[in-house]
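Asker: Pasting a structure here, questions to come.
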2 protein chains.
Amino acid sequence: MPRFINVAAAQLGPIQRADSRRDVVERLLAHLHQAHAMGCQLVVFPELALTTFFPRWYLEDPAELDAFYEREMPGAETRVLFETAARLGVGFYLGYAELALEQGAARRYNTSILVGQDGAIIGKYRKVHLPGHAEHEPWRDFQHLEKRYFEPGPGFDVWRAYGGVIGMALCNDRRWSETYRVMGLQGAEMILLGYNTPVHNPPAPEHDDLSMFHNHLVMQAGAYQNGTWVVGVAKGGKEEGCEMIGGTCIIAPSGEIVAACSTKGDELAIARCDLDLCHSYKTTTFNFDRHRRPDAYGLITSRRGAIEPEHLAA
Amino acid sequence: MPRFINVAAAQLGPIQRADSRRDVVERLLAHLHQAHAMGCQLVVFPELALTTFFPRWYLEDPAELDAFYEREMPGAETRVLFETAARLGVGFYLGYAELALEQGAARRYNTSILVGQDGAIIGKYRKVHLPGHAEHEPWRDFQHLEKRYFEPGPGFDVWRAYGGVIGMALCNDRRWSETYRVMGLQGAEMILLGYNTPVHNPPAPEHDDLSMFHNHLVMQAGAYQNGTWVVGVAKGGKEEGCEMIGGTCIIAPSGEIVAACSTKGDELAIARCDLDLCHSYKTTTFNFDRHRRPDAYGLITSRRGAIEPEHLAA
């Protein structure tokens, strides 16, 4: 019995620093309406989809920094997204910077939420793998201060929603096989994943020309190795002088890309995703219970960094 | 400072059941000689490289089964490989079925060894992820009885050899991201991996036309995500009526295929592999100590099979 979700991967072009929340929300609404017109039930927006990618700057003024975060969701400028979702019956995934008050203290997270077709929040995810650095590194063409501006989230959850089991991740999470596996072990059938990825990686410019290849490689492998759909959605194009890769795509449990954006701007890639296509992977090659060997995986949780076997003969 | 190993991925065409060990060893020797003539230091042979892929048959006669296993390594028919290796200064990786006597009991493993340029065994690996099934399943076009004919090995090691850190795996291991990660956490710079993969997978024929795509996808992702070379070597072609995929290749730490076989027969793919190319991956994007989050990976070792979140609202 097929279980279809019609999904729109809603790529955004650049968001400049001068663009207001209202400007951006208008673009998100346009995506919601177009996706609805094309029969979609779920729209996937990028990471930090309400602002420019502000970790590219070292910001010393707390007020200047705080302006990039949402204190409530929905808030004054974003409420219309939830109302429109409910009215159209089109839910969404949205990435944004979250400023939470927890026991009186301000905590900052790189967050995504999953919203149902009724406009209600189903689940929240806080990014686990924060890339970049925590201190100002002026030698870079641009900063990548996620380790400064966010705290890491605790882990990867999945939710029963849209007739299946849905997981969330953000950007750099997609490069880590553990991301997909932890959700695969909870039965994930579709992983939603927004990202902002510059073409240029200042610490390793020798990889720049492979950035799109790596982007697709990790998501395709994660999909296949866990028998799950993956919806990877970029903010692309030239944002505040920084070129971002785009490469939005929808990947089947086979690992095949079945829909993709071909621009770096606001663009929808749409697929009719049958969650039951996961079944033949999850019950054969990737029948975890039958074939996995956790007793041989101890280092994955007991060791963080790599340690070479110095005790062995050279 | 580059650290080069010149590697030959020594694909084998089919080995029929009637072929003697001597016939096969002659083919391996031809590969060793040709690789030496082309300046290689290391030759990588496939999984179960001394016989036909016998788990495709349900064998009830113990003597008939035992004939496929090696009781000692080197043995009478294989000693010439080690002698030739030492004479030429060309080491090798070799997969074979191992019958070990441990505390008086016969134990069977799907094994590979790494042999140095002096012809001495450096390390032994016993396959962790045994695919297939343990009982006769007559409905299949052919059996895949690895779970019957072998016991699983305990885990993944690496060895300081050939000027770097070398790991080993076998066939189905390559589909599991944990394989690469456990070796990556030990600093692996090159993972040697022999395989026998039929085009047709009886439990999931709907994936047959993707078998080569999946073969490359998992090895390329494993290489990139751990900043390691991967040398994947097939036994290919039509063996006892069963078509095998071939697809032998050498993959750089970038995930790019840098050398590949284009036939299904005995063929060498050769690359000059700089182990120092691992460095820019292991110290930036995949600096494990800086970016991994083992506290979020608990399920990978605490849970074998997938468990859906049934406790959550539908």
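Asker: For chain B, modelled as a Gaussian network with Cα springs under 10 Å, which listed residue fluctuates most, B:Gly95, B:Gly236, B:Gly155?
Answerer: Sorting by GNM fluctuation, first place goes to B:Gly155.
Asker: Between B:Ser262 and A:Glu102, with labels modelled 7 Å along Cα→Cβ, what's the label distance in nm to one decimal, could you check?
Answerer: 5.7
Asker: Further question: Assigning unit charges at the beta carbon (Lys, Arg +1; Asp, Glu -1) and nothing else, what dipole magnitude in debye, to the nearest 20, does the protein assembly as shown show about its Cα centre?
Answerer: With only Lys, Arg, Asp and Glu charged at Cβ, the dipole is about 500 debye.
Asker: Continuing with this model, one more query. Which of the residue pairs B:Lys147/B:Lys235; B:Lys124/B:Lys264; A:Lys282/B:Lys235; A:Lys282/B:Lys147; A:Lys235/B:Lys282; A:Lys124/A:Lys238 have a Cα-Cα distance greater than 22 Å in the structure shown?
Answerer: Pairs exceeding the cut-off: B:Lys124/B:Lys264; A:Lys282/B:Lys235; A:Lys235/B:Lys282; A:Lys124/A:Lys238.
Asker: Kindly put B:Lys282, B:Lys127, A:Lys124 in sequence by how many other C-beta atoms sit within 10 Å of each C-beta, fewest to most.
Answerer: A:Lys124, B:Lys282, B:Lys127
Asker: Take every Cα-Cα distance within the stretch B:213-252, group them into 5 Å bins from 0 onward, and report for each bin the whole-number percent of pairs it holds.
Answerer: 6, 24, 26, 18, 12, 9, 4, 1
Asker: Could you identify which residue out of A:Ile300, A:Ile257, A:Ile166 has the top mean-square fluctuation in a GNM of chain A using Cα springs shorter than 10 Å?
Answerer: Evaluated over chain A, the most mobile residue of the options is A:Ile300.
Asker: Can you give the three extents of the C-alpha atoms in the stretch A:96-188 along their principal axes, from longest to shortest, in whole Å?
Answerer: Its Cα atoms span 48, 34, 22 Å along the three principal axes.
Asker: First measure r as the distance between the Cβ atoms of B:Asn287 and A:Asp23, then evaluate 1/(1 + (r/R0)^6) with R0 = 35 Å and state the FRET efficiency to the nearest 0.05.
Answerer: With a Förster radius of 35 Å, E is 0.40.
Asker: FRET efficiency for B:Glu64 and A:Phe213, Cβ-Cβ distance as r, R0 = 41 Å, nearest 0.05?
Answerer: Once rounded, the FRET efficiency stands at 0.30.
Asker: Still on this model: What average number of partner chain Cβ atoms lie no more than 10 Å from the Cβ of the residues making up B:177-189?
Answerer: 6
Asker: Using the Kirkwood radius over C-alpha pairs as Rh, can you work out the diffusion coefficient of the stretch B:17-80 via Stokes-Einstein at 10 °C, viscosity 1.306 mPa s, in µm² per second?
Answerer: Stokes-Einstein gives a translational diffusion coefficient of 119 µm²/s.
Asker: Once you keep just the Cα pairs under 8 angstrom separated by 6 or more residues, what percentage relative contact order results for chain A?
Answerer: 20
Asker: Please report the projected area of the stretch A:68-112's Cα convex hull averaged over all directions, in nm².
Answerer: Approximately 3.5 nm², given one-decimal rounding.
Asker: OK, next. log10 I(q)/I(0), Debye, Cα-only the stretch B:236-312, no solvent, q = 0.12, 0.13, 0.18, 0.26 Å⁻¹?
Answerer: -0.71, -0.77, -0.87, -1.16
Asker: Here's a follow-up. Going by how many other Cβ atoms sit within 10 Å of their own, how do B:Cys261, A:Cys171 line up, fewest first?
Answerer: Ascending Cβ contact count within 10 Å gives the list B:Cys261, A:Cys171.
Asker: Let me ask something else about it. Plugging the Kirkwood radius over Cα pairs into Stokes-Einstein for the protein assembly as shown, at a temperature of 25 °C and a viscosity of 0.890 mPa s, what D comes out in µm²/s?
Answerer: In µm²/s, the coefficient is 96.
Asker: How large is the charge dipole for the stretch A:151-209, taken about the Cα centre, if only the Cβ atoms of Lys, Arg (+1) and Asp, Glu (-1) carry charge, to the nearest 20 debye?
Answerer: 280
Asker: For chain B, modelled as a Gaussian network with Cα springs under 10 Å, which listed residue fluctuates most, B:Asp295, B:Asp276, B:Asp173?
Answerer: Looking only at B:Asp295, B:Asp276, B:Asp173, the biggest GNM fluctuation is shown by B:Asp295.
Asker: Could I get the Rg over Rh figure for the stretch A:4-313? Both from C-alpha atoms, Rh via Kirkwood, rounded to two places.
Answerer: 0.96
Asker: Right, here's the next one. Rounded to the nearest 20 debye, what is the charge dipole size of chain B about its Cα centre when +1 sits on each Lys and Arg Cβ and -1 on each Asp and Glu Cβ?
Answerer: 860
Asker: Right, here's the next one. So for the pair B:Ala30, A:Arg272, with labels modelled 7 Å out along Cα→Cβ, what separation do we get in nm?
Answerer: 5.2
Asker: What is the calculated FRET efficiency for B:Glu308 to A:Phe4, with r their C-beta to C-beta distance and R₀ = 25 Å, to the nearest 0.05?
Answerer: 0.85
Asker: Provide the three semi-axes, in whole Å and in decreasing order, of the ellipsoid equivalent to the stretch B:163-314 as defined by the square roots of 5 times the Cα gyration tensor eigenvalues.
Answerer: Square roots of five times the eigenvalues give 28, 25, 11 Å.
Asker: Take every Cα-Cα distance within the stretch A:39-156, group them into 5 Å bins from 0 onward, and report for each bin the whole-number percent of pairs it holds.
Answerer: Final binned percentages: 2, 11, 19, 22, 18, 13, 8, 4, 2, 0.
We did not get these values from a lab; they are worked out from the coordinates using the rules stated. Note that this is a predicted model, so its numbers are computed, not measured. For neighbour counting, all protein chains shown are included, and Cβ atoms are generated from backbone atoms with ideal geometry for every residue, glycine included.
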